[in-house]
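Working notes, beginning with the structure itself.
The values are calculated or read from the model by the stated rules, or taken from the named source; none is laboratory data. These numbers were taken from a predicted model, which means no experiment stands behind them. Glycine also receives a Cβ, built like all others from the backbone with ideal geometry; neighbour counts cover every protein chain displayed.
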Amino acid sequence: MSASGNGVIDVFEVSKWFGNVVAVNEVSFQVHPGITALLGPNGAGKTTMLHLIAGLAKCSDGQVTTLGEPVRNNPEIYRRVGFMPEHESVYGFYTGRQLVQFSAKLHGLNPVDEAVDKAIHIVGMEDAQDRAMGGYSRGMRQRMRLAAAIVHDPEVMILDEPLNGTDPRQRIEFQQVMERLVSQGRTILISSHILEEVETMAGRILLMVSGKLAASGDFRAIRAKLDEQAYQVRIVVDDPRKMAAAIVALEDVDSINFDDDGSIIVHSRKVATIQTNLPRLALENGIRLTRMEAIDESLESLFEYIVER
């Protein structure tokens, strides 16, 4: 990719350092219409990268353009870009509508009410718009903050950890909003540190670790990198040794160990099959199964494997 790329967002050999700390190290990628997820463990450089893309921070080296224009010191570009930061800065006594109105006025919209009505409708918050945001749930606050970020009808949206703290139902609602926005032709870059939050939402995933781009592709392409690795499932039962003896007989088990806390760690390349059979084994052997989790589903585990290779 050259500095004159053809993505909606073009990041070319970008680095950012703070003193001796390198937060982003020679990262290049392009973002096209649709939803792209920027994933990485906490401290991977995601927020710094988004700030550089939004023009809120200056690149130490490299170049960022959005919609073909430089983003730093270019106020006009903000009429076409919406940014939702990770951390809230919202007065609890503000109603949801007041927050969106405030954002609309900052963007110089006139008339204000028509744009506010449209943004609140998009996020499905009409019924709660006149309530104080201090009484909102986390998911409601996130949706109303999103309305404030899109009230000026931006072509590009940059969302930093918008799903942080939301429950599964709230994530589904948020995904539905994202799908509506994408259907209107928008380009959305969304960050997260949890793969499951965005795996069904994002068409493309950019994986960052330690300030570098570790991999990119769709969810299946990223998972394909792990095909040769045995996944791990942690099991907690009231009789670990009896359960382990029963598990060994399963065809898809590679190995079994005992963790320090007495839980069983099962290694398998077919986790779904293992998870289906474990409850049956426990029932047949009179064992009480209290917990079962795939412990390689975390993004950190995925990163460790990719980076080691």
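Worth a mention:
- Residue match in segment 9-18 (condition: surrounded by fewer than 21 Cβ atoms within 10 Å (Cβ to Cβ) and at pLDDT below 90): no
- Conditions (1) surrounded by 17 or more Cβ atoms within 10 Å (Cβ to Cβ); (2) on the phi > 0 side of the Ramachandran plot: number failed by Gly124: (1)
- The set of residues in segment 63-94 that are touching a helix residue (DSSP H, G or I) at 6+ places or on another chain (Cβ under 7 Å), buried (at least 16 other Cβ atoms within 10 Å of the Cβ) and not hydrophobic (A, V, I, L, M, F, W, C) comprises Thr66, Gly82, Tyr94.
- Pairing each residue of segment 60-89 that is of a type in the set (Phe, Trp, Tyr) with any residue that is modelled with pLDDT of 90 or more and not in a strand (DSSP E or B), provided the two are 6+ apart or on different chains, yields C-beta distances under 7 Å for Phe83/Ala54; Phe83/Ala149.
- Scanning segment 248-265 for residues that are at pLDDT 90 or above and either among the aliphatic types (A, V, I, L, M) or part of a loop (DSSP other than H, G, I, E, B) (or both) yields Ile256, Ser263, Ile264, Ile265.
- For segment 162-198, the set of residues classified as touching a residue at least 40 places away in the same chain (Cβ under 8 Å), surrounded by fewer than 22 Cβ atoms within 10 Å (Cβ to Cβ), in a loop (DSSP other than H, G, I, E, B) and not basic (Lys, Arg) consists of Asn164, Gly185, His193, Ile194, listed by residue number.
- Test: residue in segment 136-145 that is buried (at least 20 other Cβ atoms within 10 Å of the Cβ), hydroxyl-bearing (Ser, Thr, Tyr) and closer than 30 Å to Pro41 by Cβ: yes
- Just one of the listed residues (Leu159, Leu146) is within 16 Å of Ile188 (Cα to Cα) and in the same structural domain as Gly43 (by TED's automatic domain parsing), namely Leu159.
- For segment 266-288, a residue qualifies if it is in contact with an Asp or Glu (Cβ under 6 Å, 6 or more places away or on another chain) and modelled with pLDDT of 90 or more, and the qualifying residues are Ile287, Arg288.
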